[in-house]
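**Student:** This is the structure I have questions about; it appears just below.
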Amino acid sequence: MATIRLAVLGSGNGTNAQRIAEYFSGNPAVEVACIVYNKPDAYIATRARNLGIEARYFGRDDFYRSNRVADYLAQKKTDWVILAGFLWLVPANLLQAYPGHIINIHPALLPLYGGRGMYGEHVHEAVIAHHETESGITIHLVDEQYDHGTILFQARCSVSPNDTPDTLAQKIHSLEYEHFPRVIEQTVLPR
């Protein structure tokens with residue numbers, strides 16, 4: 001069986017990308033083939049270098065006005081695209097190139113607290129402001145809308161009256177690190 005090749009797309013720090021790469025390190029069935037990032041100073045590029053994974057920066061024009069990203073992913077023989085803190089809407093050409101093969105993680109229980117501008121601390125601030133008693137993560141297939149598409153998995157955590165966006169973020173990160181690589185593995189490997 002051929003190795004399933006993942007391309008991880010990110011915009012920031014890259015902790016989930018690192019966790020995914022470490023999880024699949026040495027796995028003959030699944031590998032992280034490359035990391036693509038869309039902010040020139042994103043720390044995810046440093047994490048990729050430290051992990052020995054090729055990282056490539058692409059700007060807005062590369063994503064939305066050309067096929068450069070799709071061509072690069074094809075060159076890397078990408079089977080699945082994983083969004084790990086990627087903050088832009090996935091362009092139509094990538095959705096067409098990888099139908100049903102793009103996975104995202106969101107730091108809330110969708111359909112709540114999703115959509116344009118709902119990422120990171122913005123999500124946690126909204127959850128706390130609405131006095132929710134629980135939050136969590138949603139792992140889903142990507143379609144043409146922000147934070148939409150078939151839900152693959154959700155995990156929950158409690159939100160206490162004393163939680164701040166930072167303490168809630170820590171709970172959410174723990175869920176992400178625990179579940180995201182495993183759900184990717186279960187989704188991409190043939191049954």
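The values are calculated or read from the model by the stated rules, or taken from the named source; none is laboratory data. Note that the structure is predicted; figures quoted are calculated from it, not measured. Counting neighbours? That spans all protein chains shown, and the Cβs are built from the backbone with ideal geometry, glycine included.
**Student:** In this structure, is Val32 aliphatic (A, V, I, L, M) and in contact with a strand residue (DSSP E or B) (Cβ under 6 Å, 6 or more places away or on another chain)?
**Tutor:** yes
**Student:** Something else now. Kindly indicate which of Thr46, Thr78 is over 16 Å from the mean Cα position of the chain (by Cα) and hydroxyl-bearing (Ser, Thr, Tyr).
**Tutor:** Numbers: Thr78 fails: over 16 Å from the mean Cα position of the chain (by Cα).
Going through Thr46, Thr78 in turn, the sole match is Thr46.
**Student:** Condition first: closer than 19 Å to Ile103 by Cβ, in contact with a Leu (Cβ under 8 Å, 6 or more places away or on another chain) and without any contact (Cβ under 8 Å) to a residue 40 or more places away in the chain. Now tell me which residues in segment 116-144 satisfy that.
**Tutor:** Tyr119, Gly136, Thr138, His140
**Student:** Pairs please, first residue from segment 170-191 and surrounded by fewer than 16 Cβ atoms within 10 Å (Cβ to Cβ), second anywhere and in a loop (DSSP other than H, G, I, E, B), Cβ atoms under 7 Å, 6+ apart in sequence or on different chains.
**Tutor:** If the second residue must be in a loop (DSSP other than H, G, I, E, B), the pairs left are Leu189/Ala29.
**Student:** I need a count of the residues in segment 134-179 that are under 18 Å from the mean Cα position of the chain (by Cα) and of a type in the set (Asp, Glu).
**Tutor:** 5
**Student:** Please determine whether any residue of segment 176-187 is in a helix (DSSP H, G or I), under 25 Å from Tyr23 (Cβ atoms), in contact with a Cys (Cβ under 7 Å, 6 or more places away or on another chain) and among the basic types (Lys, Arg).
**Tutor:** No: zero hits.
**Student:** Can you tell me how many residues within segment 72-127 are touching a helix residue (DSSP H, G or I) at 6+ places or on another chain (Cβ under 7 Å), closer than 17 Å to Tyr177 by Cβ and at pLDDT below 95?
**Tutor:** The total comes to 1.
**Student:** Quick one: in segment 110-148, which of the residues that are more than 18 Å from Ser11 (Cα to Cα) and touching an Asp or Glu at 6+ places or on another chain (Cβ under 7 Å) is surrounded by the most Cβ atoms within 10 Å (Cβ to Cβ)?
**Tutor:** Ile137
**Student:** Let me ask something additional. Check whether at least one residue in segment 4-18 is among the basic types (Lys, Arg) and out of contact with any Ser or Thr (no Cβ under 9 Å at 6 or more places or on another chain), and report yes or no.
**Tutor:** Looking through segment 4-18, none of the residues is among the basic types (Lys, Arg) and out of contact with any Ser or Thr (no Cβ under 9 Å at 6 or more places or on another chain).
**Student:** Report yes if Gly10 is at positive phi and either in contact with a Cys (Cβ under 6 Å, 6 or more places away or on another chain) or not β-branched (Val, Ile, Thr) (or both), otherwise no.
**Tutor:** no
**Student:** Same structure, new question: When you go through (1) among the aliphatic types (A, V, I, L, M); (2) more than 17 Å from the chain's Cα centre (by Cα); (3) assigned to a loop (DSSP other than H, G, I, E, B) one by one for Leu110, which number turns out not to apply?
**Tutor:** Failed condition: (2).
**Student:** So in segment 11-60, with the set limited to residues that are of a type in the set (Asp, Glu) and without any contact (Cβ under 8 Å) to a residue 24 or more places away in the chain, which one is farthest from Asp71 (Cα to Cα)?
**Tutor:** Here the residue is Asp41.
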